[in-house]
Amino acid sequence: MSAMWTTALAGAAAGLGVAMPVGAVGVLLVQEGMRDRRGAVAAASAVAVVDLAYAAAATALGPWIAATLSGVEAWVRLAAAAVLAVIAGRGLWGSRRPPTRDSPGQREGPLPARPPGQGEDPLPARSPARTFARFAALTLVNPTTALYFTALTTAQGSTLHGGGSGAVFVSAVFAASFVWQQLLVAASGFAGARISDAARMWTFRLGYGLVALYAVKVALPLP
């Protein structure tokens, strides 16, 4: 039993280790949390599910995954950078000016005040299913996650292949990642409900600017 607890703690630490650094996907999760609670929950769940999948694959096929990614990692990074750049560009374009309403019977100008947390966003809301798929794809194209779990499981060696140790490790990874991602979007939603529409717009500009910078970081060095 003590060995299982040790394995569970190792899995939880691994899950937090990959989840807590707020990179491009983390920034997008914060943006989603400020935009739409249901979509944010779906997005956070998607990231945790992909962490689960990578941890399970690495536990079973660690050495093979490392060998496979070693030859194409640079191209996977370029694909991920391109996706991030498109998302950043679309978000920055949508937030280039304050939202306006131009409809019959109403003058053009700033939108009237809205209840807290109901401000306009530079991008339209998506269904939770589409948001889940989007964040799952973004996390899947990040080779760092696969390499991270591969290195960890390779270091653990045979301790993860006896009995239910592998299942305990993978389950703990998922639980830790899921709890952290949900806390992240809950905190961003709490903050987003208490700032003005103008301030929210600037957070979108800053956030998508960080995503653009992260896209450049992911792409370099070029293959």
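The values are calculated or read from the model by the stated rules, or taken from the named source; none is laboratory data. This structure is a prediction, so every number in the text was calculated from the model and none was measured. Cβ atoms come from the backbone with ideal geometry, glycine included; neighbour counts cover every protein chain shown. The protein model used for the area step is the full one, side chains on, heavy atoms only, and it has no ligands, DNA or RNA in it. Shrake-Rupley method; radii C 1.70, N 1.55, O 1.52, S 1.80 Å.
Go ahead and run the numbers for FRET between residue 9 and residue 60, Cβ-Cβ distance against an R0 of 25 Å, rounding to 0.05.
Working: r = 21 Å, r/R0 = 0.84.
That pair, residue 9 with residue 60, gives E of 0.75.
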For the range 1-58, rounded, prolate or oblate, judged on the Cα gyration tensor with a ≥ b ≥ c (square roots of eigenvalues), a/c < 1.5 rounded, else prolate if a/b > b/c? prolate
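Rank these residues by their accessible area, most exposed first, probe 1.4 Å: 78, 140, 29. Display every interim value, and only then the final one.
Numbers: 78 50, 140 90, 29 0 Å².
Reading off the accessible areas and sorting them downward yields 140, 78, 29.
Set the Förster distance to 25 Å, then compute FRET efficiency between residue 186 and residue 16 from the Cβ-Cβ distance, nearest 0.05. Write down the numbers at each step before the final one.
Details: r = 16 Å, r/R0 = 0.66.
With R0 = 25 Å, the Cβ-Cβ based efficiency is 0.90.
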Label points 7 Å out from Cα along the Cβ direction at residue 205 and residue 75: separation in nm? 4.0 nm
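Ranked by accessible surface with a 1.4 Å probe, highest first, in what order do 188, 196 come?
Numbers: 188 10, 196 70 Å².
Descending accessible area places them as 196, 188.
Need the full-extension length gain, residue 217 to residue 133, defined as separation in residues times 0.36 nm minus the C-alpha distance. One decimal, nm. Mind showing how you got there, number by number?
Working: separation 84, 0.36 × 84 = 30.24 nm, distance 2.40 nm.
So the extension gain works out to 27.8 nm.
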Show 6, 203 ordered by accessible area, largest first, where the area counts protein heavy atoms only and the probe is 1.4 Å. 6, 203
